[in-house]
Amino acid sequence: MKRVGIPHGLFYYYYYPLWKTFFNSLGAEVVTSPATNRLIVDAGIQKAVDETCLPIKVYFGHVFQLCQQNLDYIFIPRLVSIEAKSYICPKFMGVPDMIKATIPGLPPVIDIVIDLSKTDKLLKKDIFQLGRLFTRDNKAIRNAYKKGLQEYYFCRALAGQGYTMSEAIQVWEGTSQDITGEYDLNLGLLGHGYSLYDENISMNIVNKVRAMGCRVHLPETCDRKSIEAEAATIPKRVFWTLGRKMVGSALHMDKRKDIDGMIYVACFGCGPDSLIGEIIERKIKNKPFMLITIDEHTGEGGLVTRLEAFCDMLRRRRASSENNISSHG
Amino acid sequence: MQCYLGVDIGSVSSNFVLLDQLGRLHTKIYLRTEGNPVNAIKEGYARIKDSLSDNITLKGVGSTGSGRNLAEVLLGADVVKNEITAHAVAASHKYSDVKTIIEIGGQDSKIIILKDGIVNDFAMNTVCAAGTGSFLDQQASRLNIAIENFGTRAVKSRQPVRIAGRCGVFAESDMIHKQQMGYPVEDIIMGLCEALVRNYLNNVGKGKKIEEPIVFQGGVAANTGLKKAFEKILNASINVPENYEVMGAIGAAILAREHIEQNKTTTSFKGEKFILDGDFKTSSFECKGCPNLCEVVQIKRDAQPLAYWGDRCKKWETSLDSQCRLKIV
């Protein structure tokens, strides 16, 4: 049986169920690296070019980890675009090349091009080419991809119930996740999935705010049509897929009565974030909003202080609007 | 008389206050933390105790500042709150109609916007510490001026020089240049104050609506030059409360009183024997339980471990259950 490695980073959080099902259906075994830990982060920082953002550096660490594991192939797709007229951050385009240049001793790299900006013909061609590594039966390849898509949609539906993509993948794999708790605040949490849902990169911000009594609302829990409709109100169309999703989700949450406040998690050194964070901050009119920038530091004190202060503010604001009496002094 | 103790353990200073039941200040103590918060807490408490007369009983303890958790372990605080809430509570206790709080401390600076006595919005400096107390401290010692005299020298200036305020390092080289050109020292330090204010307003106060009444507090408010620079640039009058340097501690004490009175509980203060007679030691070790290799901090009183923190999985933090912690008292 052929072994294919899928690094546990970047678009793993969105498309792992698809590719895992695809490779499994073709009779291959899928190996992934463990969830991000400090050894992986350290290895990534050491290997990667220093101008990239933290999630990409961490991805290098995952690839490095996987290399030690006797693989036949490693799957590092070249992501250009996942929908018409929209693009993924340009750094992703260069990831397979950057990795080949910096990590020696790689197993054969599968770097199919995923570019749906104009047509899906190229992707179809690439998928068949990819499938032929394992079988010569075109029908089996088509079915494997179809099955992959089904599993992907199933996982997306799970995320719609309030799981983060990382938790949804774990549920999909059979480990149940408990996200119930006593929540008295409703908090919108936005950010690129590969930083927000990676518990190491985001310093576990999702569970931190849950522990502070906040029910977390993520872009995946919002209605997709309303996200697009809200994003279309921006004078110039945002052509980054994830950026547009964030702007749309923020504006959508801004109008929802049940949401108390919003936090945007940005990565230091992320090009799109430097614009998207700013656009959101300016466009939000009705809700308290906080921008948190994360980088390589491990000191959690600053993050905890800001989160606590934000939750305190939401609670005290609500208490004052309910009884209209100052709660102190 | 019944009193409440407020403790603010910051990066540069540790402050202690005793408030009576009506919120009047009884004692205040301002100490330099000098990198040793455990000692600062012990010494601060010893000094508070000296000022206690027999008829005073301690009804509650509140802690804040970056060392708030340490203070909680050593003293047994009833309320542990972040600095934003503590400062806001203290300021609106003193000035009930305050709308803007400017707080500049040793390592961080914040702006708090209040509406009807409630925190409505806030911001803290992000990754850069330019424009905080530490930077002023450093420049004062470079110019060989005691930091206490910095403000009085600054206000003597007639024609402040323009110094670049974007970055602390650039401000310093600009300042050296102006100094070598022969500008008087007073004009340079007033220029530095104005650069700091511009930096603060551009970074921390970015996009915030600064409305009067404005309160300026934190250790840096001692600097009359900065107060003057804020008044000039904002074209508004700035209030510096009498106890500007201990406002965080005052807020913590008020919050402790609020907590005790609302919940009708008694204090969890551990008693003076616990603090003064024990020998507290902190140590750290690398947990080898998983590849995250967290640096765990341990606090011991004599041979008895009191608390652990720094572990992501909370394995150590929860290893001492509350039962065991209570027994020591």
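Rule-based calculations on the coordinates, nothing more; no lab input. No experiment lies behind these values; they were computed from the predicted model shown. Glycine also receives a Cβ, built like all others from the backbone with ideal geometry; neighbour counts cover every protein chain displayed.
The calculated P(r) of the range A:170-217, using every Cα pair and 5 Å bins from 0, goes 5, 20, 24, 24, 22, 4, 0 in percent. Counting, for every residue in A:301-308, the Cβ atoms of other protein chains within 10 Å of its Cβ and taking the mean gives 5. Size of the dipole of the range B:76-206 about the Cα centre, Lys and Arg at +1 and Asp and Glu at -1 on the beta carbon, nothing else charged, in debye to 20? Rounded to the nearest 20 debye, it is 360 debye. Over all orientations, the range B:128-230 has a Cα convex hull whose mean projected area works out to 6.3 square nanometres. Applying both filters, DSSP loop and at most 16 other Cβ atoms within 10 Å, to the trypsin sites (Lys or Arg not before Pro) of the range B:159-265 gives B:R162, B:R166, B:K206, B:K208, B:K209, B:K264. Annotation: aspartates and glutamates with alpha-carbon distance below 18 angstrom to A:K125 (same-chain offsets under eight excluded): A:E83, A:D111, A:D115, A:D137.
The aspartates and glutamates whose alpha-carbon is closer than 14 Å to the alpha-carbon of B:K28, local same-chain residues fewer than 8 away aside, are B:D8, B:D20, B:E43, B:D50, B:E242, B:E245. Against chain B, whose longest principal axis is taken from its Cα atoms, helix B:185-203 shows a tilt of about 60°.
Note on chain A: with a GNM built from Cα contacts shorter than 10 Å, the maximum mean-square fluctuation among A:A250, A:A232, A:A101 falls on A:A101. Along the charge dipole of the range B:223-329, Cβ charges K/R +1 and D/E -1, which of B:I299, B:F269, B:I254 sits furthest on the positive end? The residue sitting farthest along the positive end of the dipole is B:I299. Computed over chain B, the Cα gyration tensor eigenvalues convert (square root of 5λ each) into semi-axes of 37, 24, 19 Å, ordered from largest to smallest. How big is the gap, in Å, between the Cα center of the range B:221-243 and the Cα center of the range B:285-320? If you average the Cα positions of each part, the centres end up 44 Å apart. Direction-averaged projected area, Cα convex hull, the range A:3-160: 9.3 nm², rounded to one decimal. Listed by chain and number, the aspartates and glutamates whose alpha-carbon sits under 12 Å from that of B:K232, ignoring those within fewer than 8 places in the same chain, are B:E194.
Once you reduce the range A:78-137 and the range A:1-73 to the center of their Cα atoms, the two points are 15 Å from each other. Ranked for footprinting exposure by Cβ neighbours inside 10 Å, fewest first, A:I99, B:I145, B:I250 give B:I145, A:I99, B:I250. Each semi-axis of the equivalent ellipsoid for the protein assembly as shown is √(5λ) with λ an eigenvalue of the Cα gyration tensor; in descending order they amount to 49, 29, 25 Å. Using Cβ point charges alone (K and R +1, D and E -1), the dipole size of the protein assembly as shown about the Cα centre works out to roughly 1740 debye. Under Stokes-Einstein, with the Kirkwood radius over Cα pairs as Rh, the value for the range A:69-131 at 20 °C and 1.002 mPa s is 170 µm²/s.
What the Cα convex hull of the range A:182-323 gives, in volume per residue, is 105 Å³. Counting every Cα pair in the range B:43-166, what percent are over 22 Å apart? Roughly 58 percent, once rounded to a whole number.
In the structure shown, the pairs A:K236/A:K285; A:K2/A:K121; B:K42/B:K208; A:K47/A:K146; B:K227/B:K273; A:K57/A:K255 are assessed against 31 Å; a Cα-Cα span above that value is assigned to B:K42/B:K208; A:K47/A:K146; B:K227/B:K273; A:K57/A:K255. With springs only between Cα atoms under 10 Å apart, run a GNM on chain B and tell me which of B:Y183, B:Y200, B:Y244 wobbles the most. Greatest mean-square fluctuation among the candidates belongs to B:Y183. Averaging over all projection directions, the Cα-based convex hull of the range B:214-323 occupies 12.2 nm² in the image plane.
The GluC sites (Glu not before Pro) of the range B:269-320 that meet both conditions, a loop assignment by DSSP and at most 16 other Cβ atoms within 10 Å of the site Cβ, are B:E317. Taking trypsin sites (Lys or Arg not before Pro) in DSSP loop states with no more than 11 other Cβ atoms inside 10 Å as exposed sites, chain A has its longest site-free stretch at A:137-235.
Between their Cα atoms, which of B:K49/B:K270; A:K85/A:K225; B:K59/B:K314 are more than 25 Å away from each other? In this structure, B:K59/B:K314 lie more than 25 Å apart at Cα. Per-residue ellipticity at 222 nm computed for the protein assembly as shown from its helices equals -13500 deg cm²/dmol, with DSSP H segments shorter than 4 residues left out and the rest contributing -39,500 (n - 2.57). Each Lys and Arg Cβ is given +1 and each Asp and Glu Cβ -1; about its Cα centre, chain A then shows a dipole of about 1200 debye.
Above 17 Å, the calculated P(r) of the range B:203-248 contains 34 percent of its Cα-Cα pairs.
Positive-end ranking of A:V206, B:S51, A:I280 along the dipole of the protein assembly as shown, with charges on Cβ about the Cα centre, is headed by A:I280. Each of B:P213, B:S283, B:G225 was scored by the projection of its Cα onto the charge dipole of the range B:209-314, and the greatest displacement toward the positive side belongs to B:S283; charges sit on the C-beta of Lys, Arg, Asp and Glu.
Across q = 0.10, 0.14, 0.15 Å⁻¹, chain A modelled as identical point scatterers on its alpha-carbon atoms has Debye log10 I(q)/I(0) values of -0.61, -1.17, -1.33, in the order of the q list.
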